[in-house]
1. How far apart, in nanometres, would the label points at Arg111 and Asp31 be if each is projected 7 angstrom from Cα along the Cα-to-Cβ direction?
2. Tell me which DSSP H helices of the chain clear both cut-offs, 18 Å or more of axial length from alpha-carbon atoms and a mean Kyte-Doolittle hydropathy of at least 0.5.
3. Count the net charge of all other residues whose Cβ sits under 11 Å from the Cβ of Gly180, scoring Lys and Arg as +1 and Asp and Glu as -1.
4. Within a Cβ distance under 13 Å of Lys65, other residues only, what is the Lys/Arg minus Asp/Glu net charge?
5. Which shape class applies to region 103-228: rounded if a/c is under 1.5, otherwise prolate when a/b exceeds b/c and oblate if not, where a ≥ b ≥ c are the square roots of the Cα gyration tensor eigenvalues?
6. If each DSSP helix of 4+ residues adds -39,500 (n - 2.57) and the sum is divided by the residues in the chain, what number results at 222 nm, nearest 500 deg cm²/dmol?
7. Quick check: from the Cα gyration tensor, does the chain come out rounded (a/c under 1.5), prolate or oblate?
8. Quick one: among Thr158, Thr177, Thr212, which has the greatest mean-square fluctuation in a GNM of the chain with alpha-carbon springs under 10 angstrom?
Amino acid sequence: MRTFGLLGRSLAHSFSQRYFGQKFAQLHLPDYRYELFELAEISELPKLFARYPDLAGLNVTIPYKEQVHSYLAHLAPSAARVGAVNVIEFLADGRLVGHNTDYVGFRESLRHFCPPAAGRRALVLGTGGAAKAVHVALEELGIAAQPVSRRPLAGHSTYVDLTPEVLAAHTLVINTTPLGTYPNVAECPPIPYSALTSEHYLFDLIYNPAETLFLQRGRAAGAHTQNGLPMLELQAEAAWAIWNP
């Protein structure tokens, strides 16, 4: 038996288990299984390893994408550059290597969604591990990005700073926060939605629900919208390639 799984704190509505379960069935891999590993604290990770000696690969989600670093022997260049881990590779000698496929999934999904435009600028809502991956992808695509946080931070804007003029200058808005995730579907980032136009592109990393309130309000204002499902599928395939070189 080869066991793969998702490491996080609250995983009741996970995409990964369904996705990889279907993949294992399609590839006729009856000895492969994908489990959800909910940990109250990252310090429980060694007990998890002891309980599942057949672990062959892990995905990592909030809030452990940054906390898991100290349990790894090495960070691949992708994870070192982003500063967050969403995939753990189990080497034959027992060492664990952290990777980041979030930024690849986001980058390729954004390529298909938002056409290149000279001088396009982005607002990145949120400051967690997913936001770090988004910033790396935007840098590779040549899109200048301004981070936005709830509290004043060096180099960041706050939501209070997002005037209609700021929105007009940033035609790509990316939500990396959990605001609007099921079951809290009545929440959304506090941006001036009335300032959005048909020139704007709203990308939400959330995929459940398929259309968050952030995307609903953007669509109502005429903006183009995209949820996080294509990104998730792309990052999952990149993870599978790491586990099965």
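1. Each label point is offset 7 Å from its Cα along the Cβ direction, giving 3.6 nm.
2. Numbers: long enough: 129-141 (19 Å, 0.67); 229-243 (21 Å, 0.74).
Those that clear 18 Å and a mean of 0.5 are 129-141, 229-243.
3. Here the count lands on -2.
4. 0
5. Judged from the Cα gyration tensor, region 103-228 comes out rounded (a/c under 1.5).
6. On the way: 8 runs with 78 residues, N = 245.
Taking each H run of at least 4 residues, the total per residue is -9500 deg cm²/dmol.
7. Since a/c reaches 1.5 and a/b is larger than b/c, the shape of the chain is classed as prolate.
8. Thr158
Where a number appears in this text, it was derived from the coordinates with a stated rule and is not lab data. Values in this document were obtained by computation on a predicted structure and should not be read as measured data. When we count neighbours, we look across all protein chains shown, and the Cβ atoms used for this are built from the backbone with ideal geometry, even at glycine.
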